[in-house]
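Before any comments, here is the structure.
Values in this text are rule-based calculations from the coordinates and carry no lab data. Since the structure is predicted, the reported quantities are computational estimates derived from the model, not experimental observations. No Cβ is skipped: glycine too gets one built from the backbone with ideal geometry, and neighbour counts run over all protein chains shown.
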Amino acid sequence: MNDDGEMIVMRNVWKEFGTLQALRGVSLTVRQGTVLVIIGPSGSGKSTLLRCINRLEAPTHGEVWVDGQPVVADERKLPPLRAEIGMVFQHFNLYPHLSVLQNVTLAQQIVRKRSRQEAERIALEQLERVGIGDKAYNYPRQLSGGQQQRVAIARALAMNPKIMLFDEPTSALDPEMIKEVLDVMLMLAREGTTMVVVTHEMNFARAAADEVIFMDEGQIIEQGPPEQIFSSPRHERTQKFLSQIMV
Amino acid sequence: MAYEDSYPAIRPIAPVTPRTARLLERLNRFPWWVIAVVLIALITARTIYLSETYLEAFRFIVAGLSVTMMTTLTAFLIALVIGLVTGMGRISQNILGRNIATLYVELIRGIPMLVLIFFIALVGVPTVVQLLNSFGHWLNALGFYSIAQPLVLLENKGVPMNVRAIIALAVTYGAFLAEVFRAGIQSIDRGQMEAARSQGMTYWQAMRYIILPQAIRNVLPALGNDFVSMLKDSSLVSVLAVRDITQVARLYAGQTFRYPEAYATLSVIYLSMTMLLSMLVKVLERRYHSHER
Ligand SMILES: Nc1ncnc2c1ncn2[C@@H]1O[C@H](COP(=O)(O)OP(=O)(O)O)[C@@H](O)[C@H]1O
Ligand SMILES: [Mg+2]
């Protein structure tokens with residue numbers, strides 16, 4: 001980690017898909033051990049921003065630094081860097097042909113080069129931590145959505161990442177399963193995990209976020225502590241968005 | 001009323017019970033044509049068995065069976081490798097790889113298979129032999145005698161027709177299988193590759209551990225069907241005078257002028273093999289699908 005405790009730094013990041021500008025000059029800093037929540041209307045560039053952090057998407061412009069290291073285009077340097085950044089997707093993206101245990105051990109073995117025994121020990125530990133240790137030998141399709149998402153979280157945690165990215169982790173879930181996933185995320189936040197979370201779960205944001213960013217049309221419109229953003233938003237667009245999702 | 005009187009035949013039918021409905025449904029769905037095929041096979045088998053001339057034709061033709069099977073099997077295995085590599089090339093980010101793969105597939109698809117077999121066996125193989133010869137001379141000049149010697153000594157005449165036939169079939173089917181593999185890989189959700197790469201896997205690790213295992217499982221039925229097609233298309237290698245069952249049947253017919261015996265027997269041999277294999281593919285497919293749930 002660098003001295004200032006800056007885990008993620010983005011400087012004037014632009015991302016263009018053809019003529020479409022998905023990100024238009026985004027700059028932000030995430031300090032170690034803090035939780036950043038990103039809200040904003042659909043299509044405002046939230047996913048693109050997250051994906052620029054581990055370079056699943058290459059910025060057209062601007063710089064991204066993770067833990068003091070520039071996230072550059074060099075294909076050989078990217079895998080070890082990505083291994084330090086856990087990512088949880090809206091649709092879980094578990095590996096359907098592998099058991100839950102194998103889902104959590106595979107990357108540990110081939111990326112982290114851990115032995116099978118060690119990988120399995122860590123996997124069971126993490127599965128236990130997210131409350132599904134008893135499902136280790138099932139296949140993803142045998143699990144509920146909430147359980148699958150918790151496996152996905154365990155899969156990311158097992159790599160011992162320095163940062164966890166969440167892209168709308170609960171928006172594909174049935175309402176009754178949202179809480180079990182948010183509870184795990186809240187636990188991680190309380191334990192001091194550095195997290196960037198795209199979500200519209202305001203209660204989670206209030207409880208866990210150190211900072212909230214409101215995005216629209218590829219730009220950061222407003223940012224601040226959750227109480228301020230939710231209770232007294234300054235920008236008209238933020239107010240309008242919040243009034244829409246609060247109903 | 002007159003209307004009702006004139007149609008006394010329409011009487012209220014008994015309500016269809018669920019059991020009869022199910023029976024009717026089954027009868028409707030039953031593959032009756034399979035019975036016809038089995039009957040044809042049985043009648044032909046009986047004919048072959050009872051008739052002296054058919055039996056003789058059968059014995060003569062069956063001698064080519066091992067060549068047909070060996071040619072098909074070997075060519076298919078090579079085609080699998082070519083197809084997998086080419087299929088991945090077709091969707092790769094590498095411009096050169098992608099274009100070479102596409103060129104190969106498009107060339108093969110645009111030429112009749114019979115022409116391809118002539119071309120590969122009688123033009124392609126000699127050309128490659130010549131290239132290898134020159135490469136050997138070049139290595140010789142560089143002083144790598146032990147590697148160079150076998151290349152220099154390679155002779156076009158030394159490549160038997162059986163081998164040429166296998167190469168021709170493999171190169172042809174490699175292009176077909178490439179499309180099967182390409183479709184299989186593209187059928188896998190993009191999120192799979194993203195999840196793997198977000199964990200720090202390289203492109204090839206993600207391919208090997210995440211994408212290909214799922215893609216290959218998805219295309220197994222298609223590969224099975226292509227294997228059946230290849231078994232049939234292997235008859236084309238008879239034009240190279242390779243003594244597969246088709247060639248042997250042609251020889252028999254030419255010698256004896258017993259055309260019905262030769263070609264009916266030949267057809268039945270192909271039919272038995274393809275039907276059997278098709279059924280096997282269907283069974284495997286069904287088992288795979290029931291496993292899915
Ligand atoms: N791979 C892509 N190709 C083209 N356009 C894209 C791609 N990914 C995202 N976009 C576009 O970029 C904009 C921002 O998308 P996204 O970051 O997914 O927004 P959000 O996550 O806030 O809904 C949208 O207009 C979307 O259609
Ligand atoms: Mg999104």
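For Cα pairs less than 8 Å apart in space and 6+ apart in sequence, what is the mean separation divided by the residue count of chain A, i.e. the relative contact order in percent?
Across chain A, relative contact order equals 26 percent.
Which of the residue pairs A:Lys113/A:Lys162; A:Lys113/A:Lys135; A:Lys46/A:Lys162; A:Lys15/A:Lys77; A:Lys46/A:Lys240; A:Lys77/A:Lys179 have a Cα-Cα distance greater than 27 Å in the structure shown?
A:Lys77/A:Lys179
Would you pull out the residues with amide H under 5 Å of A:Gly62's amide H, same chain only if 5 or more places away, H placed 1.01 Å from N?
The list, which skips near neighbours in sequence, is A:Trp14.
Starting from the amide H of A:Glu57, placed 1.01 Å from N in the peptide plane, find each other amide H under 5 Å away whose residue is 5 or more places distant or on another chain.
HN-HN under 5 Å from A:Glu57: A:Cys52.
Can you say what percent of the DSSP beta bridges in the protein assembly as shown, counting only those with both residues inside, are antiparallel? Round to 5.
Close to 55 percent.
Out of A:Ser171, A:Phe241, A:Ala123, whose Cα points farthest toward the positive end of the dipole of chain A (charges: +1 Lys, Arg; -1 Asp, Glu; placed on Cβ)?
Value computed over the given set: A:Ala123.
Before rounding to the nearest 500, sum -39500 (n - 2.57) across all DSSP H runs of length at least 4 in chain B and divide by the residue total; then give [θ] at 222 nm in deg cm²/dmol.
-25500 deg cm²/dmol
Where does the longest stretch of chain A lie that holds no trypsin sites (Lys or Arg not before Pro) found in a DSSP loop with 15 or fewer other Cβ atoms within 10 Å?
Between the exposed loop sites, the longest stretch runs A:114-233.
Work out the length of the dipole vector of the protein assembly as shown about its Cα centre, built from +1 on the beta-carbon of each Lys and Arg and -1 on the beta-carbon of each Asp and Glu, and round it to the nearest 20 debye.
That gives the protein assembly as shown a dipole magnitude of about 1500 debye.
Please name which of B:Ala165, B:Leu132, B:Gly89 has its Cα lying farthest along the dipole of segment B:65-237 towards the positive end, using unit charges on Cβ (Lys, Arg +1; Asp, Glu -1) and the Cα centre as origin.
Most positive-ward Cα: B:Gly89.
Excluding the sites themselves, what is the longest stretch of chain A that contains no GluC sites (Glu not before Pro) in a DSSP loop with at most 13 other C-beta atoms within 10 Å?
That would be A:76-190.
Which one of A:Leu98, A:Leu36, A:Leu182 has the biggest mean-square fluctuation once chain A is modelled by GNM with Cα springs under 10 Å?
It is A:Leu98.
With axes computed from alpha carbons, what is the tilt in degrees of helix B:212-233 against the longest principal axis of chain B, rounded to the nearest 10 within 0 to 90?
Approximately 80 degrees, to the nearest 10.
When the helices in chain A are scored as -39500 (n - 2.57) per DSSP H run of 4 or longer and the sum is shared across all residues, what 222 nm value do you end up with, to the nearest 500 deg cm²/dmol?
-11000 deg cm²/dmol
If you average over every viewing direction, what projected area does the convex hull of the Cα atoms of the protein assembly as shown give, in nm²?
Average of the hull's projected areas for the protein assembly as shown equals 44.2 nm².
If you take the beta carbon distance between B:Ser51 and B:Gln149 as r and set R0 to 41 Å, what does 1/(1 + (r/R0)^6) give as a FRET efficiency, to the nearest 0.05?
0.15
Could I have the simple spin-label model distance between A:Val72 and A:Asn203, label points 7 Å from Cα toward Cβ, reported in nm to one decimal?
Going from the A:Val72 label point to the A:Asn203 one covers 4.7 nm.
Run the numbers on chain B and let me know its relative contact order in percent, using alpha-carbon pairs under 8 Å that are six or more apart.
About 27 percent, as a whole number.
Please give the Cα centre distance for segment A:1-77 versus segment B:226-265, rounded to the nearest Å.
First find each Cα centre; the distance between them is then 65 Å.
Pick from B:Leu154, B:Leu271, B:Leu251: which is most flexible by mean-square fluctuation in a GNM of chain B where alpha carbon atoms under 10 Å apart are linked?
B:Leu154
Can you give the Kirkwood hydrodynamic radius for segment B:65-237, in Å, rounded to one decimal and based on Cα pairs?
About 17.9 Å, per the Kirkwood formula over Cα pairs.
Please work out the C-alpha center-to-center distance from segment B:134-190 to segment A:159-220 and express it in whole Å.
That distance is 54 Å.
Return, ordered by residue number, the residues of segment A:25-57 whose backbone nitrogen is under 19 Å from a label point located 7 Å along Cα→Cβ of A:Glu217.
Residues A:25-27, A:39-49 fall inside that zone.
So which lysines can B:Lys232 reach, going by Cα to Cα under 28 Å and dropping same-chain residues fewer than 8 places off?
B:Lys157, B:Lys282
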